[in-house]
Amino acid sequence: MEKPICVQGPKYGLNQFGGALKPLLFTIFTFCFMGVGLAQSDSLAIVQLLEKESLTWRMGDVAGHAECWQERPYNRILAATPDARVIDIPISTMINPPATIIGNGGLAINSNYKMKIDGNNAFVSHDELSINPQGNETKSIEMRVLEKVDNQWKLVGQSALLYKEDDNEAKKDTTSYIQTVDITTGRIETILTIDEHFEAPNWHPDNYLIVNSKGKLYNLDLDTKNMKLIDTGFADQCNNDHGISPDNKWLAISHNDVNDPSPKSYKSAIYVLPIEGGEPRRVTKEVMSFWHGWSPDGKTLTYCAERNGNYDVYSIGVNGGREKRLTKTEGLDDGPEYSPDGKYIYMNSYRTGHMQIWRMRANGSNPEQLTFDENSNWFAHPSPDGKWIAYIAYTSDQKQAHLFGKQVKLRLMNLETREITDLTPVFFGGQGTINVPSWSPDSKKIAFVSYSIN
């Protein structure tokens with residue numbers, strides 16, 4: 001459900017690198033190996049190691065991070081900061097870091113890898129873009145020294161040069177990072193970086209995502225990374241509540257119909273149109289209505305709607321008709337989605353005075369609370385295989401709001417054991433990150449959007 005944009009967060013000072021970048025761990029030094037060329041299997045293993053090392057630091061996984069390093073008498077970790085300081089960091093900082101500097105969140109994107117591999121030694125350089133949980137960017141040029149130990153690559157040396165862009169080149173607006181996370185390995189892949197505000201990926205089996213931006217919908221090809229506009233006819237004020245039908249032939253959208261006679265300031269109604277594009281057909285008569293789920297048989301839509309000042313969960317036939325109110329509690333009930341077998345509707349609800357994940361029978365009966373923590377939990381998305389739900393957790397109490405520009409993380413619940421794990425570190429996101437179903441068809445990955453601002 002669309003909410004007003006509100007960006008918050010302090011400027012990113014040098015003393016705040018812990019969230020998005022290892023604190024004080026970098027400068028430039030030079031190594032040279034003589035010998036054989038790059039082996040593809042080794043290069044892939046090295047990239048995966050560097051991704052793991054970055055992610056485990058931000059997640060606070062001390063044991064996992066220590067596995068990336070090998071202690072040697074010649075370990076050297078150096079830091080050159082933008083204010084011209086050079087700092088020598090002991091290897092113990094990597095093997096057994098103080099709790100105050102690890103696990104502070106943020107995301108990083110590595111690029112421009114260059115490698116020299118000589119037997120059991122490797123020298124790697126790459127660029128790194130780090131985004132802290134407040135959405136601020138830091139850029140660095142990284143240099144890494146590795147050794148193969150018991151047939152596993154390990155880091156034995158590291159440096160980087162942190163730098164700031166010239167003011168004339170500094171970004172002035174939101175950057176969107178359209179990403180996927182593997183629920184088994186935790187690997188985060190950046191599909192596309194774009195200097196505009198994009199939201200809410202749906203994952204089509206033909207290997208593309210549907211995303212929205214500034215009232216329009218786009219098709220993002222996961223192989224080519226090409227993006228093209230979807231023809232939605234007159235519906236040019238689509239918000240981030242859209243999704244694909246079970247037979248993959250139709251698209252439900254939520255469009256602000258400014259011509260609706262309602263006196264409400266925002267007039268979102270639900271429409272359906274062919275997946276390849278075309279003229280939308282209106283389904284809901286009343287506004288505000290925000291789509292969130294298709295029934296497995298494709299005959300029914302479920303949605304959040306405001307009626308008489310209260311937001312509740314409703315359902316309606318895909319061809320329209322009379323809507324059915326499924327929740328009647330005070331406070332917001334939002335984000336309804338059907339389970340793959342059609343038995344349940346998952347949702348987030350404020351009925352206890354704190355936003356948590358719930359589910360109920362598809363007819364609205366037998367509501368059951370699933371999360372009980374201090375986070376504000378939103379948008380539970382059941383996996384296609386019915387084994388999991390993924391959802392977004394605001395790390396502070398947001399009451400009934402789900403604004404953009406907050407500290408959030410993605411979490412995963414095993415529906416059999418009810419065990420909950422973190423899928424990502426804390427990052428800068430919120431509204432637009434994961435509003436709608438975004439699972440890969442094989443239930444192995446989830447698409448989402450993170451952001452930065454400068």
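Side notes on the structure shown:
- Of all residues in region 259-314, those that are open to solvent by 10 Å² or more (accessible area, probe 1.4 Å) and β-branched (V, I, T) total 2.
- Within region 72-115, tally of residues that are at pLDDT 95 or above and either touching a Cys at 6+ places or on another chain (Cβ under 6 Å) or among the charged types (D, E, K, R) (or both): 2
- In region 102-207, counting only strands (runs of 3 or more DSSP E) that sit wholly within it, the ones holding 1 or more residues that are within 19 Å of M59 (Cβ to Cβ) span 107-118, 121-131, 137-149, 152-163, 175-182, 188-194.
Matching residues to (1) open to solvent by 30 Å² or more (accessible area, probe 1.4 Å); (2) in contact (Cβ under 8 Å) with a residue 60 or more places away in the chain:
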| position | (1), (2) |
| --- | --- |
| S383 | no, yes |
| G386 | yes, no |
| I392 | no, no |
| L412 | no, yes |
| T417 | yes, no |
| D422 | yes, yes |
| S440 | no, yes |
| K445 | yes, yes |
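- Residue list for region 111-122, restricted to those being open to solvent by 40 Å² or more (accessible area, probe 1.4 Å) and either in contact with a strand residue (DSSP E or B) (Cβ under 7 Å, 6 or more places away or on another chain) or small (G, A, S) (or both): S111, N112, Y113, K114, M115, K116, G119, N120, N121
- Within the option set D166, D127, being under 30 Å from F404 (Cα atoms), at pLDDT 95 or above and open to solvent by 20 Å² or more (accessible area, probe 1.4 Å) holds for one residue only, D127.
For (1) under 30 Å from A200 (Cβ atoms); (2) open to solvent by 50 Å² or more (accessible area, probe 1.4 Å), each residue gets a yes or a no:
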site	(1), (2)
T100	no, yes
T138	yes, no
I141	no, yes
L146	no, no
T175	yes, no
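- Lone qualifier among D241, D260 - being closer than 30 Å to V283 by Cα, without any contact (Cβ under 8 Å) to a residue 40 or more places away in the chain and of a type in the set (D, E, K, R): D260
- Q40 vs. criteria under 18 Å from E137 (Cβ atoms) and either modelled with pLDDT under 95 or open to solvent by less than 30 Å² (accessible area, probe 1.4 Å) (or both): no
- Of the residues making up region 94-123, those that are at positive phi and touching a residue at least 24 places away in the same chain (Cβ under 8 Å) number 4.
- Counting only strands (runs of 3 or more DSSP E) that fall entirely inside region 309-350 and contain at least 2 residues that are hydroxyl-bearing (S, T, Y), the qualifying elements are 310-317, 344-349.
Per-residue answers, yes or no, for (1) without any contact (Cβ under 8 Å) to a residue 60 or more places away in the chain; (2) under 22 Å from the mean Cα position of the chain (by Cα); (3) within 27 Å of D42 (Cα to Cα):
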{"site": "A84", "(1), (2), (3)": "yes, no, no"}
{"site": "S125", "(1), (2), (3)": "yes, no, yes"}
{"site": "P133", "(1), (2), (3)": "no, yes, no"}
{"site": "K139", "(1), (2), (3)": "yes, yes, yes"}
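- Residue identified as of a type outside the set (A, V, I, L, M, F, W, C) and more than 20 Å from W358 (Cβ to Cβ) among Q400, Q407: Q407
- I91 closer than 18 Å to K154 by Cβ and crowded, with 19+ Cβ neighbours inside 10 Å: yes
- Taking the criterion of being among the β-branched types (V, I, T) and under 23 Å from the mean Cα position of the chain (by Cα), the only residue of region 289-345 that qualifies is I345.
- If you go through region 315-335 and pick out every residue that is within 23 Å of S265 (Cα to Cα) and either open to solvent by less than 10 Å² (accessible area, probe 1.4 Å) or among the aliphatic types (A, V, I, L, M) (or both), you end up with 4.
- Residue tally, condition open to solvent by 50 Å² or more (accessible area, probe 1.4 Å) and not acidic (D, E), over region 219-238: 8
- Residue pairs meeting the criteria (Cβ under 8 Å; at least 6 apart or on separate chains; first acidic (D, E), in region 62-77; second part of a loop (DSSP other than H, G, I, E, B)): E71/I91
The values are calculated or read from the model by the stated rules, or taken from the named source; none is laboratory data. Since this is a predicted model, take the numbers as computed values, not measurements. Because the Cβ atoms are built from the backbone with ideal geometry, glycine has one as well, and the counts that use them run over all protein chains shown. Areas reflect the complete protein model, heavy atoms only, side chains present, ligands, DNA and RNA absent. Shrake-Rupley method; radii C 1.70, N 1.55, O 1.52, S 1.80 Å.
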